[in-house]
Amino acid sequence: MSLSFDRVADRYDQTRGYPETIMEDILGALEGALRKDKTILDAGVGTGRFAKPFQDLGFDVVGIDLSPRMLRKAAEKGTTGLLRGDITRLPFQDRVFWATLSIHVLHLVPSWRMALTEICRVTTDKYISVAFRKDDSPAEEIREFYDKMCTELGCRIRHPGLRERELPDFLAPDVDKLIVTHEHPIRVEDMINDFEQRTYSSQWLVPEEIHEQAIAALREAFGNDDSVIGRERISLLEWDVYRLWKFSTGPELKSY
């Protein structure tokens, strides 16, 4: 079963948002990869942070998501064409979308290969995503510290599925184009609070006792710091759906 973002719907945009200039760069790159005369599926539409801007630009976008609360947030923004459903069992006929988009979705799906197969089934031309690749930075050290503490306490941190940015490790994309490098300061207290509130899906299955000990260690190690720099490379990814379908229906991967 895919994980739902219901539990963080109220904080999703706040904790996953990007500055306006960065979002303009991302939307501009996606706009160049899409067509207004074709129907697009946003698989894992969430709060509509991509579907709504494209609908405003005149694109025909249908959005589907497992989380009712995320869909409610999207509707409150004015996003239309919304459906509730699991991307491993898409409620659409074959080949009805010219392209399918998913961003920050596959890591929530244990059966992510099934999700890709379903995406290929309903899509005629291409699958599109955006890779947010974290570079080494002081902010990344804090993220890795929490994971390391949980592992040492007996709970290995990992996502249920595969992050879109990891898919190129298994199937080279037809397009992998750098959009922008995002370097920005982050308040350490905000980072620690986000971890404490289990903002990230990789934390949701961490036992409470281990989580509390990891947070205590995080505060002891970094609680006196003011801010740190975070760095990530944001890239446009595209795959031909036929190539993606052959991959998703091929032999199982030993590491997954």
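The table for this structure:
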read-out	value
GNM top mover of G154, G48, G63 - the chain, alpha-carbon springs below 10 Å	G154
Test item: Cα-centred dipole of segment 102-231, Lys/Arg +1 and Asp/Glu -1 on Cβ, debye	640 debye
Peptide ranges 164-170, 182-188, 114-120 listed from the most packed, as the mean C-beta count within 10 angstrom indicates	114-120, 164-170, 182-188
Sequence-distant residues sharing a close amide H with D42 (under 5 Å, placed H)	V62, G63, I64, L101
C-alpha center-to-center spacing [segment 61-84, segment 93-152] in angstrom	19 Å
Whole-Hz ³J(HN,Hα) from phi, Karplus 6.51 cos²θ - 1.76 cosθ + 1.60, for segment 56-67, glycine and proline x	4, 7, x, 7, 8, 10, 9, x, 10, 7, 7, 8
Of K73/K148; K36/K77; K36/K134, those spanning more than 30 Å from alpha-carbon to alpha-carbon	K73/K148; K36/K134
Residue-wise HN-Hα coupling along segment 23-30, computed from phi with Karplus coefficients 6.51, -1.76, 1.60 (Hz; x: Gly, Pro)	4, 4, 5, 5, 5, x, 5, 5
P(r) weight above 14 Å for segment 87-148, C-alpha pairs, percent	64 percent
Qualifying aspartates and glutamates (Cα of each under 20 Å from Cα of K246; at least 8 residues distant if same chain)	D94, E118, D125, E164, E166, D169, D174, D176, E238
Spin-label zone in segment 132-148 - amide nitrogen under 11 Å from a point set 7 Å from the Cα of S202 along the C-beta vector	134, 140-148
Spherically averaged projected area in nm², based on the convex hull that wraps the Cα atoms of the chain	13.3 nm²
Value of [θ]222 nm, deg cm²/dmol, for the chain, DSSP H segments ≥ 4, -39500 (n - 2.57) each, nearest 500	-10500 deg cm²/dmol
Cα centroid separation - segment 163-232 against segment 36-53, whole Å	25 Å
Computed over segment 37-114, the ratio Rg/Rh where both radii use C-alpha atoms and Rh is Kirkwood	0.94
Calculated FRET efficiency for the pair E144/T39, C-beta based, R₀ 35 Å, to 0.05	0.30
Formal net charge of residues neighbouring D86 (Cβ-Cβ distance under 13 Å; K, R +1; D, E -1)	0
Sequence of K148, K52 once ranked by neighbouring C-beta atoms within 10 Å, starting from the fewest	K148, K52
HN-Hα J in Hz across segment 91-108 - Karplus 6.51, -1.76, 1.60, θ = phi - 60°, x for Gly and Pro	x, 10, 6, 5, 6, 9, 10, 6, 9, 10, 10, 9, 9, 6, 10, 4, 5, 8
Ranked S248, S111, S102, criterion: other C-beta atoms within 10 Å, fewest first	S111, S248, S102
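FYI, it's all coordinate maths here, none of it is from the lab. The shown structure was predicted, so the numbers you read here are calculated from the model rather than taken from an experiment. Quick reminder, even Gly has a Cβ in these numbers, built from the backbone with ideal geometry, and neighbours come from all protein chains shown.
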